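The values are calculated or read from the model by the stated rules, or taken from the named source; none is laboratory data. Nothing here was measured: the structure is a model prediction, and the numbers come from that model. Reconstructed Cβ throughout: ideal geometry from the backbone, glycine too, with neighbour counts over all protein chains shown.
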Amino acid sequence: MFEDKKICFIGAGSVTEAMIAGLAQKKLIPLENITILNRENQQRLFQLTKKYGVISSANKQQSISEADILILAVKPKDIAESLLNIREATHQKQLVLSVVAGVTTDYISDLLQHHGPVIRAMPNTSAMIGMSATAVAKGTYAKEEDLKIVISVLESIGTVSIVDEELLDAVTGLSGSGPAYFYYMIEAMEQAAVELGFEHHKARELLIQTLIGAGHMLLETKIDPTILREKVTSPGGTTMAGLKILEEYHFQEAIKSAIKQATKRSKELGAIYSEFYK
Ligand SMILES: NC(=O)C1=CN([C@@H]2O[C@H](COP(=O)(O)OP(=O)(O)OC[C@H]3O[C@@H](n4cnc5c(N)ncnc54)[C@H](OP(=O)(O)O)[C@@H]3O)[C@@H](O)[C@H]2O)C=CC1
Ligand SMILES: O=C(O)[C@@H]1CCC=N1
């Protein structure tokens, strides 16, 4: 569906690399159809072109005007500047896909000053291995067929769920930032294991499989997490003793607050940066 299309990434950071790695792994598009550009870091462009076989061109305006799909992957603070720099080279026939946290499709359309299709998505860095949980929402001027193209691009980096745009800030707090919460927990579990006398690599081996196993149990058995937790928890046993400590530290409250705070931050980021250019 997008095999013959030209894709241009605006921004060449972590998310762009994760998406390119996912696309490269699936081999759904010739890598020379993918152009990357950034603000100034030539070393980074060199690194990515060498590693993945994608293209970087000194002629940014040409790369942009020739692209069928523009993927916006800059930080929210840079969205206005980056779009103002390129908008002369963009046109209404291009499909714009933004993965920028907090920034609405309407704001992007305002900056582009045209009514071309804009779609907003929130992937996560597991895109790198084709395992992103991505949510996607159509902007005012995007049609169903635009959404289908974007979904086919995003499916090459993982699963895709369609949501209303209003929910994308919550998606950002939940599954966009989500991998970091799990990594943070694994960091703590590893530290505990080392303090208990484990070699670091042994602890990691056990923890990775524990995380994968728990994920697959949820996926394959479809059993509710509460029931799965109860099955691990023998009365008067070790899990109960561990969970009691998590309760004392208000673990679930902490997780809920973290997700709500990240969601709020996503909304704030959009609001702050749309103040810059109205
Ligand atoms: N990291 C994550 O897990 C996720 C991030 N996101 C979102 O994706 C976006 C990108 O994040 P991430 O990849 O982590 O960011 P990075 O900081 O890693 O990369 C940002 C990129 O944007 C480039 N850039 C900055 N200004 C401009 C400009 N004016 N024109 C062209 N390029 C520019 C930078 O170039 P240079 O280095 O030359 O300045 C850099 O290549 C963010 O909006 C974030 O909210 C979405 C999902 C997950
Ligand atoms: O931390 C951030 O702002 C980005 C958005 C989702 C994941 N990382």
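Just a few scattered comments:
- Single match in Thr49, Thr16 (criterion: surrounded by 16 or more Cβ atoms within 10 Å (Cβ to Cβ), among the hydroxyl-bearing types (Ser, Thr, Tyr) and within 16 Å of ligand 2 (Cβ to nearest atom)): Thr16
- Every condition in (1) at pLDDT 95 or above; (2) under 20 Å from Thr172 (Cα atoms); (3) under 17 Å from the mean Cα position of the chain (by Cα) is met by Val153 except one, and the failing one is (1).
- Residue in the range 201-214 that is in a helix (DSSP H, G or I) and over 30 Å from the mean Cα position of the chain (by Cα) present: no
- Every listed requirement among (1) of a type in the set (A, V, I, L, M, F, W, C); (2) closer than 22 Å to Thr125 by Cβ; (3) modelled with pLDDT under 95 is met by Val171 save one, (3).
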